[in-house]
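Below: the structure, in structure tokens.
The values are calculated or read from the model by the stated rules, or taken from the named source; none is laboratory data. Being a predicted model, the structure only gives us computed values, none of them experimental. Glycine gets a Cβ as well: all are built from the backbone with ideal geometry, and neighbour counts include every protein chain shown. Calculation scope for accessible area: heavy atoms of the full protein, side chains included, ligands and nucleic acids excluded. Shrake-Rupley method; radii C 1.70, N 1.55, O 1.52, S 1.80 Å.
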Amino acid sequence: MTEIKQLESRVVLVTGLSGAGRTTVLKLLEDNGYDSVDNLPQSMMPSLLESASGLQPASLAVGVDVRARGFDAAKVVHLIQSYHQSKAFDLKVVFLACDDDVLMRRFTETRRVHPLALERPVGDGIEIERLALEPLRLRADEIIDTTQMSIVDLRAEVANRLTLDGETRM
């Protein structure tokens, strides 16, 4: 008799600096069968993650950033650690990093305002965000530096680091 292996749910938390490529990574994961959620109020994250540990195997990508209502990196890290200990599902944290000068150029080129520097210089927002996200960077399973990457390069790097057919390699 053949043993049937139960498929495990997979969750990838995608975080990092604004302008470093979080949305691009979330869209790539979505294109590869992941349900994708971004800018979820932090208070809703436990319920969402709990749904991933249900009976049906799921692939879930969650964007975590400082714009989320009630954002607290220490609480997110605690949540990550509790799910790692429970082993309810395969959970990976991907942090997208980038040099400040490149982030400033990206915001200038797109004419977007940094979410933490609405009426301040972009560099101030980047500095505040970097400090706020440091606990998540320290807890990340993978850190991808997008400084020298185009969108095509980023997609290839994520595809290289994650096996998008059902198994993570991180």
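Has the range 23-34 got at least one residue that is within 18 Å of Asn160 (Cα to Cα), open to solvent by 70 Å² or more (accessible area, probe 1.4 Å) and without any contact (Cβ under 8 Å) to a residue 12 or more places away in the chain? Within the range 23-34, one or more residues are within 18 Å of Asn160 (Cα to Cα), open to solvent by 70 Å² or more (accessible area, probe 1.4 Å) and without any contact (Cβ under 8 Å) to a residue 12 or more places away in the chain. In the range 67-83, which residues are under 12 Å from Glu129 (Cα atoms) and crowded, with 18+ Cβ neighbours inside 10 Å? Listed by number, the list holds a single entry, Ala73. Test Glu109 against the criterion of being without any contact (Cβ under 8 Å) to a residue 24 or more places away in the chain and touching a strand residue (DSSP E or B) at 6+ places or on another chain (Cβ under 7 Å), and give yes or no. The answer is no for Glu109. Exactly one residue among Leu136, Leu79 is under 22 Å from Lys27 (Cβ atoms) and out of contact with any Pro (no Cβ under 6 Å at 6 or more places or on another chain), and that residue is Leu136. Number of residues in the range 99-141 that are open to solvent by 60 Å² or more (accessible area, probe 1.4 Å) and aliphatic (A, V, I, L, M) equals 6. Consider Leu96 carefully, then state whether it is at pLDDT 80 or above and open to solvent by less than 80 Å² (accessible area, probe 1.4 Å). The answer is yes for Leu96. Check the range 126-142 and report whether any residue there is charged (D, E, K, R) and without any contact (Cβ under 8 Å) to a residue 40 or more places away in the chain. Within the range 126-142, one or more residues are charged (D, E, K, R) and without any contact (Cβ under 8 Å) to a residue 40 or more places away in the chain. Of the residues making up the range 13-41, those that are aliphatic (A, V, I, L, M) and in contact with a Gly (Cβ under 6 Å, 6 or more places away or on another chain) are Val14, Leu26. Within the range 35-60, the set of residues being modelled with pLDDT under 90, open to solvent by 50 Å² or more (accessible area, probe 1.4 Å) and under 30 Å from Met104 (Cβ atoms) comprises just one member, Asn39.
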